[in-house]
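Chemist: The structure follows.
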Amino acid sequence: MSTARAAREVMRRVASTAGAIEARSALAGEGIDAIGGARTIPSMIARQQTRWIGSRGVPDEYGQPKTGGTSFLGTPKNHRALLERRPLSPDVFDADGSWRAHYKFPVVALSSITNRVTGVVLSGAVSSAGVIALVGGAEAVPAVIELVKAQSPVGVAPLKFALSFPFVFHTLGGFRHLVWDATTKGIDNASAKSTSVALFGASAAASAALAAYTW
């Protein structure tokens with residue numbers, strides 16, 4: 001084979017390879033696999049990402065506040081007022097301002113809430129007694145108690161009940177939680193309901209007994 005003929009053969013192969021590469025690139029741009037003829041996911045994504053949005057222009061309302069309203073969707077005219085009255089989640093009370101409970105609270109939920117409230121009350125009572133003792137001395141707390149008994153003898157028993165109930169309920173509720181944590185027994189719905197009823201009953205009876213006790 002002569003030198004000129006060999007050079008022409010090399011140029012022909014180079015041109016054939018370049019044509020094949022260009023054809024495959026064109027097919028890939030259309031999302032077509034050059035071998036199987038099916039659309040491939042990478043080519044489809046590439047095509048979607050190279051759309052010429054700028055050449056068609058962006059509508060003027062894009063990124064602007066909606067001025068036409070949403071009445072065509074059935075939005076009421078007092079939509080803003082209704083949003084202001086919308087309750088927070090969880091919406092414990094109705095949104096009409098009547099302070100009616102939106103949900104029914106089972107006795108288990110009531111006992112859980114009461115356990116937390118009594119804990120806060122106990123913390124406040126102990127902290128108040130500590131402040132009184134810190135400011136007035138060790139005899140200040142008994143002096144305040146005697147002053148209350150002298151000023152309002154009728155209110156002594158209700159006040160004693162109000163102070164005894166948080167202590168008794170929170171203590172008994174703490175024992176129940178200790179049993180739950182140690183044995184995992186009584187956590188089912190039926191047992192939790194029965195122990196909650198017993199917790200309220202025992203706390204009320206013990207608090208009444210402490211309120212009736214005189215010292």
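The values are calculated or read from the model by the stated rules, or taken from the named source; none is laboratory data. Just so we're clear, the structure is a prediction, and the values are computed from it rather than from any experiment. Every residue, glycine as well, gets a Cβ built from its backbone with ideal geometry; the counts of neighbours run over all protein chains shown.
Chemist: Within region 145-155, identify whether any single residue is in contact with a Gly (Cβ under 9 Å, 6 or more places away or on another chain) and at pLDDT 95 or above, and answer yes or no.
Modeler: no
Chemist: Of the residues that make up region 123-140, is at least one at pLDDT below 90, within 26 Å of Val197 (Cβ to Cβ) and loosely packed, with under 10 Cβ neighbours inside 10 Å?
Modeler: No, because not a single residue in region 123-140 is at pLDDT below 90, within 26 Å of Val197 (Cβ to Cβ) and loosely packed, with under 10 Cβ neighbours inside 10 Å.
Chemist: Further question on the same structure: In this structure, is Phe175 farther than 19 Å from Gly124 by Cα and surrounded by 15 or more Cβ atoms within 10 Å (Cβ to Cβ)?
Modeler: No; evaluated as a whole, the condition is false for this residue.
Chemist: Ok, one more. Please determine, by comparing only the residues of region 137-154 that are more than 47 Å from the chain's Cα centre (by Cα) and charged (D, E, K, R), which one is farthest from Val126 (Cα to Cα).
Modeler: Checking each candidate, the answer is Glu146.
Chemist: Can you tell me which of (1) free of Cβ contacts under 8 Å to residues at least 12 places away in the same chain; (2) surrounded by 13 or more Cβ atoms within 10 Å (Cβ to Cβ) is the one Ser98 doesn't meet?
Modeler: Here Ser98 clears every test but (2).
Chemist: Looking at region 198-214, which of its residues are within 20 Å of Ala109 (Cβ to Cβ) and surrounded by 13 or more Cβ atoms within 10 Å (Cβ to Cβ)?
Modeler: Ala198, Leu199, Phe200, Ala202, Ser203, Ala204, listed by residue number.
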